Amino acid sequence: MAKATPIRRDHHLRLVEYPLAGGWKALVGRTDADNDYLSLTVARPDDWWFHVRGVPGGMLYCKGPPGEDPIARR
């Protein structure tokens, strides 16, 4: 198994958070380092991940309320 590259702790994160209905929130990174932090540290297996077409590094993570399984609600 390959070793993960450590995330630079001296990087000033520029994350944008948008509150959504039902306790969900959308998280957006402004830089590649922000997106790495989101995907490697913040994201959970049950989060939703989207990539914006035509925008380099354009990623959006939707996080559900803590402890909620969005698949079970279907």
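The values are calculated or read from the model by the stated rules, or taken from the named source; none is laboratory data. Here the structure is a predicted model, which is why all the values come from computation and not from measurement. Here Cβ is always computed from backbone atoms with ideal geometry, including for glycine, and neighbour counts include all displayed protein chains. Keep in mind that these areas ignore ligands, DNA and RNA; they rest on the heavy atoms of the full protein, side chains included. Shrake-Rupley method; radii C 1.70, N 1.55, O 1.52, S 1.80 Å.
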Per the Kirkwood formula on distinct C-alpha pairs, the Rh of segment 21-65 is how many angstrom?
10.8
Which value, in Å² and to the nearest 10, is the accessible area of ASP36 when all protein chains are kept and the probe is 1.4 Å?
80
Compute the distance in nm between two label points, each set 7 Å from the Cα along the Cα-to-Cβ direction, one at ALA33 and one at LEU20.
2.7
Give the ranking of THR31, THR41 by solvent-accessible surface, highest area first, calculated with a 1.4 Å probe.
THR41, THR31
